[in-house]
Amino acid sequence: MDLHVQALNALNTAITAITNYGLNFLAAILLLIVGWFGSRWVARLLNRGLSRLKACDEMLRHFLTSAARYGVLVLVGIMVLEKFGVQTASLITILGAAGLAIGLALQGTLQNIAAGIMLLAFRPFKVGDYIVAGSLAGTVEGLSLFLTDITTPEGIKVVVPNAELWNKPITNYSANPTRRQDFPVGISYADDVDAALAVLLNLAGEDDRILADPAPQAMVTNLGESSVDIQLRAWMKADDFWPLKWDMARKIKLAMDASGITIPFPQRDIHIHQA
């Protein structure tokens, strides 16, 4: 009789365990399904919200949505493990310690990722901009979470870690649609200053690339040792900056020659007095 009771108790215990395990298994499957589709829903919702922000780059948007999705999946995984009696507190501690060790080992890489996120979020430059950062100058060809590709004016490709770029002052010459340029020239003390200034203003008026507003200015900037230094100050579109710089240097020389205005070279007069 006792054996029969023990057998029934063992059977009931087994059935209860199987039932509980089965329910936990079904709950875990349900959690995985809900978590899978829920993570995709969260990612789509976040992507939709971030896409409305002009300051949010496509790469940054992709990174944030992916991080949100995998974050939801990690939480779901922890909940599933709890259903099977796994001590998640210990698991979280182990994962935290492992994450700390990996973080210390990949400190430089993580700095580049953090800097990449900052560059994508604050957008001090975009692809196609001409920038100067420290001793590096060139056109931005690509930006990722780890590296920035820059091509120098000589056509040399430079791959820069984002952390190095973020920690330096960045000058962006393409950020504004217009730029000002000064065209200096020296004339002889014997020449007519007003006539020389008029030549500069006429050149500015004849070139359609020079903007009328703000209006070009011509001025005397210095009385040098061998020349009167004058200057044309003009605004132009950023894309016209370098072509105008080269064209105007030639035009100024030809116009001064045509007007009989001398562009002197540095010289010293030596007077010899006989005793």
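The values are calculated or read from the model by the stated rules, or taken from the named source; none is laboratory data. Computed from a prediction, not measured in an experiment: that's the story for all the values here. With ideal geometry, Cβ positions are generated from the backbone for all residues, glycine too; neighbour counts draw on all protein chains shown.
Exactly one residue out of Ile170, Ile156, Ile150 is among the hydrophobic types (A, V, I, L, M, F, W, C), over 10 Å from the mean Cα position of the chain (by Cα), surrounded by 15 or more Cβ atoms within 10 Å (Cβ to Cβ) and at pLDDT 90 or above: that is Ile150. Taking (1) surrounded by fewer than 17 Cβ atoms within 10 Å (Cβ to Cβ); (2) under 23 Å from Ala67 (Cα atoms) in turn, Gly128 satisfies each apart from (2). Tallying residues that are in a strand (DSSP E or B), in contact (Cβ under 8 Å) with a residue 40 or more places away in the chain and within 22 Å of Leu50 (Cβ to Cβ) within the range 106-163 yields 1.
Scanning the range 226-235 for residues that are among the hydrophobic types (A, V, I, L, M, F, W, C) and crowded, with 20+ Cβ neighbours inside 10 Å yields Ile230, Leu232, Ala234. Within the range 189-217, residues that are among the acidic types (Asp, Glu) sit with their Cβ atoms under 9 Å from residues that are loosely packed, with under 13 Cβ neighbours inside 10 Å, at 6+ positions apart or across chains, in these pairs: Asp191/Gly260.
The residues of the range 110-145 that are over 12 Å from the mean Cα position of the chain (by Cα) and among the hydroxyl-bearing types (Ser, Thr, Tyr) amount to a single one, Ser135.
So which residues in the range 173-187 are among the polar types (S, T, N, Q) and either outside any strand (DSSP E or B) or surrounded by 15 or more Cβ atoms within 10 Å (Cβ to Cβ) (or both), if there are any at all? If you could, list the steps in order and put the result at the bottom.
Filtering the range 173-187 down to residues among the polar types (S, T, N, Q) leaves 174, 176, 178, 181.
Ser174, Asn176, Gln181, listed by residue number.
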